[in-house]
Amino acid sequence: MNELEKFYPIKESAKKHSHLDEATYQTMYQQSITNPDQFWAEQANEFLDWYKPFDTVSNIDFNKADIEWFKGGQLNVSYNCIDRHLKDRGEQTAIIFEGDEPNDTRNISYKELHVQVCKFANVLKQRGVKKGDTVCIYMPMIPDVGYAMLACARIGAVHSVVFGGFSTESIKARIQAADCKVVITADESVRGGKIIPLKANVDAAVSECPGVHSVIVVERTGGNVAWNNDIDVNYQQAMAKADSVCEPEVMDAEDPLFILYTSGSTGAPKGVVHTCGGYLLYAAMTHKYVFDYRDGDIYWCTADAGWITGHSYIFYGPLANGATTLVFEGVPTYPDAGRCWDMIQRHKINVFYTAPTAIRALMGIGDEYVLDKDLSSLRLLGTVGEPINPEAWHWYYEIIGKSNCPIVDTWWQTETGGILITSLPGSAGMKPGAAGLPFFGVQPVIIDKEGNEQDGEARGPLVMKGSWPGQMRTLYGDHDRFHKTYFSQCAGYYYTGDGAQRDKDGYYWILGRIDDVLNVSGHRLGTAEIESALVLHPKISEAAVVGYPHDIKGQGVYAYVTLMHDEVESEELLLELKALVAKELGSFSKPDLIQWAPGLPKTRSGKIMRRILRKIAENDLGTLGDTSTLADPSVVEDLIERRLLR
Ligand code: WT7
């Protein structure tokens, strides 16, 4: 049987547990499509507490890129994630924290979460932070990163979390673009026993951000850091003095909740803006139905707070539902490759959500780290970030889930706020490698070359018809770019940037990006940012970056660099270039392979032909395509000659 047709049925035990059987899913899905406003109004009232009911459910105009949900409604996100749970579950654990070292664990109840968030909110107020202000958060994966996000939400400040693996240039660009006046960080973070100098990175960035007046520093390692009394604030000292009462700010549904920067195919990173009402509803609802969340579940998503997965499925979705969510500071391979399985055993994790790249890496190390652990608490497994290859899927299903746990392969994006396509745990079944079926209210469309909708089995660019509450509302400070990037490619639809295939059962198979965005270990990397970092080197005149298939990471970073006149190629320079990218952007952006390129293939108008560079990097020379439009076709021969993969 062809892979596209193979169904792995969901086990009866899982089906029984599921909130949705097939028929209920179909009925609710039909309602969500035929009468979306009624459907979403009901969900909004079921999932969220509102200070004031909304006047309209949705106002959507994709031609103008104007999107509003629950206009007129008022609520507070931190109230919905904390305060309303205090009556019934104040003593319940909200956050299980596990530090880099396995013996460093701690439970934070909803009551304690409330105190910490209120205090932190007051610390922010003391530093002058007001509703609508933007706050940059650059933190290790410790509970305080959640306190920081929720404290912002409580007072109506807009957070912009910057992944702790990013470095100076990336932080600086994001602080400046969002005009942040306050940065929250830690002295150092520690991952896999290695120290990362967060405060020093912030200091270097802030020295070029005159607008920043406060840097709040959480003491994590106690390591030595430079200190500037005018700007730096000791978090522990400020918290000790802060009042633990802070009334939540009444927010409009459409007030911004956060900005999250993500890489595009060109230019500066894009500041994706999500708003309070629609985003929280969508995060909470998908968390409940996709992960089949029930009261008492212990839930673990391994993402970092610096990515949208951390926002929606470590903090906002689970906490809105009153769940117990695990925050993990470390890495899956420290102290050994059994770390995740050991944690599942110790914390009796029921739902485990991770990325295919982690699964592949752990699978490659061998089963002995799994087989001595008791994983019987597991009930459901999830993946996100890239398509999962069937080999990794089977290992995850059989060795981790013991063939009992449904796997939800969840397709979504920073821009979508929450999961749009997945195989729900009560559904017809799973197909390894397919994302599955649309969530409520989601209408995926595959278009043809002319931009027309295709029916039935189809393959092509994936776009969305109509809106869903978790959809992004704009790009921070640049609504024109928002319109151009997402709504101009196929008028009247949201353009995802991914290609997809729909099979005869209606399942969607994601084929990957159709733009120049890289997906390295499930992280989106912009080629432009890496190229800019490379050309900072005085010996480099030009650089072009493409992706190539990588066994563990999915895609690796392949860079072509052109030397300045009179400079010479050397091993040493290669190392310098890798170190430069690590310093500027963070080590996960570091090129895996660098090829010397005396010339780059360009059109006569000077545009680099990436298609050709990708083919050469992949060593796929049979289909180079037409090179006759190049300004100098001979450079291609030379690049082929020097290619690194053969
Ligand atoms: C891009 C979005 C959504 C959180 C993680 C990444 C790819 C994501 C899947 C999946 C195939 C996937 C897409 C998408 N992607 N999930 N289950 N199957 N591809 O968020 O950084 O905004 O990246 O990741 O290409 O467009 P992101």
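The values are calculated or read from the model by the stated rules, or taken from the named source; none is laboratory data. Remember, it's a predicted structure, so these values are computed and weren't measured experimentally. Cβ sites come from the backbone with ideal geometry, for glycine too, and all protein chains shown count toward neighbours. Note: accessible area is taken over every heavy atom of the protein model, side chains too, but ligands, DNA and RNA are not part of it. Shrake-Rupley method; radii C 1.70, N 1.55, O 1.52, S 1.80 Å.
Per residue of the range 299-311, in order, report the coupling 6.51 cos²θ - 1.76 cosθ + 1.60 (Karplus, θ = phi - 60°) as ³J(HN,Hα) in whole Hz, putting x for Gly and Pro.
Along the range 299-311, the couplings run 10, 9, 10, 7, 5, 9, 4, x, 10, 4, 4, x, 4 Hz.
Hey, what's the Cα Rg ratio for the chain versus the globular rule of thumb, 2.2 N^0.38 Å? Kindly include the intermediate steps, with their values, before the conclusion.
On the way: Rg = 24.2 Å, N = 646, 2.2 N^0.38 = 25.7 Å.
Against the empirical 2.2 N^0.38 Å value, I get 0.94 for the chain.
Quick one: pull the percent of accessible area on the range 105-155 belonging to carbon and sulfur, 1.4 Å probe, ligands and nucleic acids left out. Don't skip to the end; give the middle numbers.
Values: 630 of 1460 Å².
In the range 105-155, the share of accessible area belonging to carbon and sulfur is 43 percent.
Taking the Cα-to-Cβ direction at D455 and at V233 and moving 7 Å from each Cα, how far apart do the two end points lie in nm?
Here the modelled spin labels are 6.1 nm apart.
Along the charge dipole of the range 1-151, Cβ charges K/R +1 and D/E -1, which of L48, A121, Y25 sits furthest on the positive end?
A121
Please give the length that would be gained between S634 and S13 if that part of the chain were fully extended, namely 0.36 nm times their separation in residues minus their C-alpha to C-alpha distance (nm, one decimal). Write out the running numbers ahead of the final one.
Details: separation 621, 0.36 × 621 = 223.56 nm, distance 6.28 nm.
Full extension of this stretch gives 217.3 nm more.
A 25 angstrom limit on the alpha carbon distance is what I want to check against. Which of K15/K402; K402/K590; K172/K607; K16/K288; K539/K607; K181/K484 exceed it? Working shown, then result.
On the way: K15/K402 16 Å; K402/K590 36 Å; K172/K607 28 Å; K16/K288 15 Å; K539/K607 22 Å; K181/K484 29 Å.
In this structure, K402/K590; K172/K607; K181/K484 exceed 25 Å between Cα atoms.
What accessible area per residue comes out for the chain, rounded to a whole number of Å², with a 1.4 Å probe? Intermediate values should be presented prior to the final figure.
On the way: 24330 Å² over 646 residues.
The answer is 38 Å² per residue.
List the trypsin sites (Lys or Arg not before Pro) in the range 447-496 that DSSP assigns to loop (not H, G, I, E or B) and whose Cβ has at most 16 other Cβ atoms within 10 Å. Which are they? Could you put the intermediate results ahead of the total?
Values: sites: K449, R459, K465, R473, R481, K484; in loops: K449, R473.
Those that pass, being in a loop and sparsely packed, are K449.
Classify the range 474-543 as rounded, prolate or oblate, taking a ≥ b ≥ c as the square roots of the eigenvalues of its Cα gyration tensor: rounded when a/c is under 1.5, otherwise prolate if a/b is larger than b/c and oblate if not. Mind showing how you got there, number by number?
Details: a/c = 3.26, a/b = 1.57, b/c = 2.08.
Verdict is oblate for the range 474-543.
From the Cα trace of the range 72-164, what convex hull volume per residue do you get, rounded to a whole Å³? Present the calculation step by step, with values, prior to reporting the outcome.
Working: hull volume 9.5 nm³, N = 93.
For the range 72-164, the hull spanned by Cα atoms encloses 102 Å³ per residue.
Rounded, prolate or oblate: which fits the range 7-110 when a ≥ b ≥ c are the square roots of the eigenvalues of the alpha-carbon gyration tensor, with rounded for a/c under 1.5 and prolate only if a/b beats b/c?
Oblate.
Please list the non-local residues whose amide H lies under 5 Å from the amide H of I298, H modeled 1.01 Å from N, same-chain partners needing a gap of 5 or more.
N350, V351
Keeping the other protein chains in place, figure out the carbon and sulfur percent of the accessible area of the range 271-406, with a 1.4 Å probe.
Numbers: 1790 of 3400 Å².
The nonpolar share, carbon plus sulfur, comes to 53 percent.
Roughly to the nearest percent, how much of the accessible area of the range 462-598 is carbon and sulfur, given a 1.4 Å probe?
Numbers: 2780 of 5340 Å².
Taking all protein chains in place, the range 462-598 shows 52 percent carbon and sulfur surface.
For every helix of n ≥ 4 consecutive DSSP H residues, a contribution of -39,500 (n - 2.57) applies; sum these over the chain, divide by its total residues, and give [θ] at 222 nm rounded to the nearest 500 deg cm²/dmol. Could the numbers behind the result be given before it?
Working: 21 runs with 193 residues, N = 646.
For the chain, the value works out to -8500 deg cm²/dmol.
Could you tell me the calculated FRET efficiency between E91 and E247, based on Cβ-Cβ distance and R0 = 30 angstrom, to the nearest 0.05? Mind showing how you got there, number by number?
On the way: r = 23 Å, r/R0 = 0.77.
It comes to 0.85.
Enumerate the calculated ³J(HN,Hα) couplings along the range 336-348 in order (Karplus 6.51 cos²θ - 1.76 cosθ + 1.60, θ = phi - 60°), each rounded to whole Hz, writing x wherever the residue is Gly or Pro.
8, 6, x, 3, 4, 5, 5, 5, 4, 5, 5, 8, 6
V520's amide H: which non-local residues (gap 5+, or another chain) put their own amide H closer than 5 Å, with H modeled 1.01 Å from N in plane and none for Pro or chain starts?
Amide H to amide H, under 5 Å and 5 or more residues apart or across chains, V520 pairs with L525.
Report the calculated FRET efficiency for W50 and K402 (r = Cβ-Cβ distance, R0 = 56 Å), to the nearest 0.05.
On the way: r = 43 Å, r/R0 = 0.76.
The computed FRET efficiency comes out at 0.85.
Is the range 228-284 rounded, prolate or oblate when judged by the Cα gyration tensor, a ≥ b ≥ c being the square roots of its eigenvalues, rounded requiring a/c under 1.5 and prolate requiring a/b larger than b/c?
Values: a/c = 3.27, a/b = 1.34, b/c = 2.44.
In terms of gyration-tensor shape, oblate.
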